[in-house]
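Everything below concerns the one structure shown next.
The values are calculated or read from the model by the stated rules, or taken from the named source; none is laboratory data. Keep in mind that what you see is a predicted model, and the values were worked out from it rather than measured. Cβ coordinates were reconstructed from backbone atoms using ideal geometry, including for glycine residues, and neighbour counts include every protein chain displayed. What goes into the accessible areas is simple: the full protein's heavy atoms, side chains included, and nothing from ligands, DNA or RNA. Shrake-Rupley method; radii C 1.70, N 1.55, O 1.52, S 1.80 Å.
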Amino acid sequence: MRRLRKEPLGLVDPARRSLLKAGLALGGVAVAGGEALAQGSTAGAGNPANQAPNVPDWSRYLGDGVEARPYGMPSKFEAHVVKRDVEWLTASRQSSVNFTPIHELDGIITPNGLCFERHHGGTAVVDPADYQLMINGLVEKPLILTLDDIKRLPRVNRAYFCECAANSGMEWRGAQLNGCQFTHGMVHCVMYTGVPLKVILEQAGVKTNARWLMVEGGDSSGMNRSLPLAKALDDCLIAFKMNGEALREENGYPARLVVPGWEANLWIKWIRRIEVGDEPWHAREETSKYTDLLENGTARRFTFVMDAKSVITSPSPQMPWKHKGQNVISGIAWSGRGTIKRVDVSMDGGRNWMTARIDGPVLPKAVTRFYVDTPWSGSPLLLQSRAMDDTGYVQPSKKELREVRGVNSIYHNNGIQTWHVLASGEVENVEVS
Ligand code: MTE
Ligand code: CO
C-alpha cells in the first residue's frame, strides 16, 4: 500500500492541521439535556407538490407488485451509500481494498452489500458443488470435506467484527483522508453462521505435537497465513452464512475462516486447505506477513489481536451537521480482547470527557454502538471518542501510540480520531497535540 500521496479525495489541508496544533479556542460547547430546541422544518428540501398539505405522488398510484423485486435492493434515494475505493492507494484493483460506508450505517451489523472487501487476487467465483476443504499435516485422518459435509456438522451463530490490520494505516503520520469511510472503513460486523473449527479438527484428529495451522485460500493469490492451534480450538469458525444468507462472493463464498478479534488477514476467504503443523508456517520465511516496523528498526511480528478502537461516524467529514440545536453524535467501538465496557466522548479535543450512551447488543469481539444526544450551539468542536474494554484497556491517543510504535508502521493504528466540526457544520479530519 502506498502512503501519503498528496492527491485529491479529501486530503486534509496541512495548513489547517498546524493551525489546530497551535491551539484552538473553543467556546459554547453545550451538552445533552440543555436548552429547548426548535425541531423539524416546514420548508422541506424536496418537491413542494409532494409535501403537506398536498397528496404526494406515491399515495396516488399503485406501486410495484411482489414480482418486481425478487431480491430486494436499497431505495434509489440511497444510491450514494456504497463501498468506495481510493484509486491511487494500490497499484492494481484486484490486489486492493474498498471501504465500508460506516458514516451511513447504524446499529451494530453491517449489511452484506456494504462490507468492505480486501483481496490480493480479486474475487474468486467458486461453484459450491466443486468446493472442498482439505485438512492435512499432523492429523490422524486427513480429510476432504465438501460444503454439504460442513453444513451437516453442528453450527453456531456469532456476531463478530472483522478489521483489516491496515485500517487507519494511512493516518500514522498525520491526518490524511477526509471521511471515516476511508480512515476507519476497513471494518465490518456480521452475524456468522458456521461450524467451530474445533469440531472439524476433532474429526481429523490433531496429533499431540501440533501447535500451528497453515490456512490457505482458494483465490488466485492462494493467500495463506499461520494460525496458532490454540486460537483455532478456542473460537474460530468455518462460516458459510453472513447475516443469515450465503456469504457474498467478495467475502469468501462459499466458506471462509472467522478468527474473532484477530486481524482480518487471518480470516481466509474461499478457504480450501488447513495444514496442521508444529511451528508457524511463516517462521520459515525471512519476513513474516504483516509486521509493524518500529523506530529502532526492529519489527513486531504475529501481532494478531486488534486492540480496542472507536470512531465517531456522525458527524464526520461525509456526514456534516445541517442543523444547530438538538443533534446526535453516533459512533462505533470494538475490541479484539473482549467486550466494550464504556465509550467516552470529548467535544474539546480531549480536555473534558463525558460517558456516551451505549445502545443495542454489547457482544464480545463485535461492534458496539454509542451515542451522545446533544444540542449544538454552532461553535466549533474537536470531537473525539475513546473506547474501553473489559480487560481495562483504554484506547490511546495518537501521540501515546506514536511514542511506542513510531510512525513507520502501516498496521494496528487504533489511536483516538479527532473530527473538527466547523461553525458551518462541515467536518474535517485533524489532529490535536
Ligand atoms: N483471503 C483470501 N483467500 N485472499 C485474500 O486476499 N485478504 C485478507 C482476508 N482474507 C484475503 C483473504 C485480508 S488482508 C482482509 S482485510 C480480509 O480478508 C478482508 O475480508 P473481507 O473482504 O470479507 O472484508
Ligand atoms: Co487486511
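Could you put GLU428, GLU140 in order of accessible surface area, largest first, with the 1.4 Å probe and the full protein assembly present? Don't jump to the answer; show the numbers that get you there.
Working: GLU428 45, GLU140 130 Å².
Ranked from most to least accessible, the order is GLU140, GLU428.
Taking all protein chains together and a probe of 1.4 Å, list ILE271, ILE358 from the most accessible to the least accessible. Could the numbers behind the result be given before it?
Working: ILE271 0, ILE358 50 Å².
Largest accessible area first, the list is ILE358, ILE271.
Net charge dipole, the chain: roughly 560 debye, given to the nearest 20, about the Cα centre with Cβ charges of +1 for Lys and Arg and -1 for Asp and Glu. Rolling a 1.4 Å probe over the heavy atoms of the protein chains gives segment 55-167 an accessible area of 59 Å² per residue.
Think of segment 171-277 as having a plus end and a minus end, set by charges on the Cβ of Lys, Arg, Asp and Glu; of LEU213, ALA246, VAL259, LEU213 sits farthest toward the positive end of this dipole. Only aspartates and glutamates eight or more places from LYS322 in sequence, or on another chain, were considered; those with a Cα closer than 19 Å are GLU35, GLU78, GLU104, ASP106, ASP373, GLU426, GLU428. Rounded to the nearest 0.05, the FRET efficiency derived from the C-beta distance between TRP353 and PHE302 at R0 = 35 Å is 0.55.
Rank these residues by their accessible area, most exposed first, probe 1.4 Å: ARG84, ARG225. Present the calculation step by step, with values, prior to reporting the outcome.
On the way: ARG84 95, ARG225 15 Å².
The most accessible residue leads, giving ARG84, ARG225.
Rounded to two decimals, what ratio of Rg to Rh does the chain give with C-alpha atoms and a Kirkwood Rh? Could the numbers behind the result be given before it?
Numbers: Rg = 23.4 Å, Rh = 23.4 Å.
Radius of gyration over Kirkwood radius for the chain works out to 1.00.
Counting Lys +1, Arg +1, Asp -1, Glu -1, what net charge surrounds ASN352 among other residues with beta carbon under 13 Å of its beta carbon? Combined, the nearby Lys, Arg, Asp and Glu give 0. Taking amide H as placed 1.01 Å from N in the peptide plane, ILE416 has its amide H under 5 Å from the amide H of SER397, LYS398, each at least 5 places away in sequence or on another chain. Converting phi to 3J(HN,Hα) with the Karplus coefficients 6.51, -1.76 and 1.60 and the offset θ = phi - 60°, segment 214-219 yields 9, 10, 10, x, x, 7 Hz in sequence order, with x at every glycine or proline.
Summed over qualifying helices (DSSP H, 4 residues or more, each -39500 (n - 2.57)) and divided by its residue number, the chain shows a 222 nm mean residue ellipticity of -2000 deg cm²/dmol. Measuring nothing but protein heavy atoms, the accessible surface of segment 64-142 at 1.4 Å probe radius is 54 percent carbon and sulfur. Measuring r between the beta carbons of LYS324 and ASP64 and using R0 = 30 Å, the FRET efficiency lands at 0.15.
Just order 410-420, 53-63, 382-392 by mean Cβ neighbour count inside 10 Å, highest at the front, would you?
Working: 410-420: 23.4, 53-63: 7.9, 382-392: 20.2.
Listed from highest to lowest mean packing, they are 410-420, 382-392, 53-63.
For the peptides 195-207, 252-264, 295-307, the ranking by packing is 252-264, 195-207, 295-307, with the highest mean count of neighbouring Cβ atoms within 10 Å listed first. Legend: distances between Cα atoms for LYS76/LYS309; LYS198/LYS241; LYS141/LYS231; pairs beyond 24 Å are LYS76/LYS309.
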